[in-house]
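Down below is the structure, laid out as structure tokens.
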There are 2 protein chains.
Amino acid sequence: MSRYFDDFSPGDRFVSKGVTFTEADIISFALRYDPQPFHIDVEAAARSPYGGLIASGFHTLAQGFRMMLQEGLFAECSMGSPGMDELRWLAPVRPGDTLHMEGEVVEARPSSSKPDRGILKVSYRALNQRGETVMSFSVAHLLRRRATD
Amino acid sequence: MSRYFDDFSPGDRFVSKGVTFTEADIISFALRYDPQPFHIDVEAAARSPYGGLIASGFHTLAQGFRMMLQEGLFAECSMGSPGMDELRWLAPVRPGDTLHMEGEVVEARPSSSKPDRGILKVSYRALNQRGETVMSFSVAHLLRRRATD
């Protein structure tokens, strides 16, 4: 479980366990952070272009990140992240949908200025129970290197 | 307050009111979505490269989006978003920090296939009480157009 930057290579793939999005969680998150009618009001959502309640994209993102963290790959080496790119919400996430995450390492670059760390770029997808990709994004993970002699 | 896609133009700027990030909110969000030691454990955070507790970047993002929503610019016209680009976490957000958001429209493009909507690209920044930019990103907003004759 205790991996470091040096233990990852481009092409490495990870798959998370799943989480089911409930109506209660969707409304609770959105009421606090993204209170648009199609995220918090079942009746208004039914009349919206989505035809029913859908999760806030920020909820899907945060919950998706938690699913990957839970796998423990970065538990000992994570030093945070400078950013994310190309976040796409590709399909609605509705109450009862069960998502899991898949990740693939696309680049591993040691820091040129700080020898104790490196940047790991990982491309992530969230998939639902029908195998549809509902969200994709890439993250630059700042990871600690193994101590050298 | 009731704006539509047609009411926005490149160069338009918005400024939100502020929100203060508390230690309680930082830990509560992170415990649910991003439980890394430097987001939930004051003692471990003090020994981390950040030198103290910092907010999850997903918390800063979601709270920042809420700040802009609260201004009501998109209250009547928002149809959601296909995605975000170039999210950067530029400086730590610590307990007691007060952030506000600034947005600038960079592109307004009517949909070529659906005449009732358009895509508004907005570049956002979150700034703290010292005027430091702590986060930046751009969002493609899907907005309803004014009904035409």
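The values are calculated or read from the model by the stated rules, or taken from the named source; none is laboratory data. Small disclaimer: the values here were computed from a predicted structure and weren't measured. Because the Cβ atoms are built from the backbone with ideal geometry, glycine has one as well, and the counts that use them run over all protein chains shown. These area figures cover heavy atoms from the full protein model, side chains too; ligands, DNA and RNA do not enter into them. Shrake-Rupley method; radii C 1.70, N 1.55, O 1.52, S 1.80 Å.
Tabulated data
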quantity	calculated
Carbon plus sulfur fraction of accessible area for segment A:1-81, probe 1.4 Å, in percent	50 percent
Part-to-part distance (alpha-carbon centres) for segment A:114-149 and segment A:9-47, which is given in Å	21 Å
Inter-chain Cβ neighbour average for residues A:77-88, partner chain, 10 Å	6
Helix B:23-33 vs. chain B, principal-axis angle (Cα, 0 to 90°, nearest 10)	70 degrees
Cβ-defined net charge surrounding B:Asp116, 13 Å radius [Lys, Arg +1; Asp, Glu -1]	+4
Label spacing, shortest first and in nm, from A:Asp85 to its equivalents in the remaining copies (7 angstrom along Cα→Cβ)	1.1
Note, ³J(HN,Hα) from phi for segment B:89-102, Karplus 6.51, -1.76, 1.60, rounded to Hz, x at Gly and Pro	9, 9, 8, x, 10, 10, x, x, 5, 10, 9, 9, 10, 10
Per-residue [θ]222 nm for the protein assembly as shown (sum of -39500 (n - 2.57) over DSSP H runs n ≥ 4, rounded to 500)	-6500 deg cm²/dmol
Set of lysines with alpha-carbon distance to A:Lys17 below 27 Å, sequence-local pairs under 8 removed	A:Lys121
Label spacing, shortest first and in nm, from A:Gly51 to its equivalents in the remaining copies (7 angstrom along Cα→Cβ)	5.5
P(r) weight above 36 Å for the protein assembly as shown, C-alpha pairs, percent	16 percent
Accessible surface buried upon A-B contact (total; probe 1.4 Å; Å², nearest 100)	3000 Å²
Cα-Cα pairs of segment B:44-149 separated by more than 22 Å (percent)	39 percent
Acute angle (nearest 10 degrees) that the helix A:57-70 long axis makes with the longest principal axis of chain A, alpha-carbon atoms	40 degrees
B:Arg145 long-range amide H proximity, modeled H, under 5 Å	B:Phe5, B:Arg117, B:Gly118
10 Å Cβ neighbours from other chains, averaged over peptide A:93-106	0
Förster radius 45 Å - calculated FRET efficiency between B:Lys121 and B:Glu43 (Cβ-Cβ, nearest 0.05)	0.60
Accessible surface, per residue, of the protein assembly as shown when the full set of protein chains is kept, probe 1.4 Å, Å²	47 Å²
At 7 Å out from Cα toward Cβ: A:Asp116 inter-copy label distances (nm, ascending)	5.7
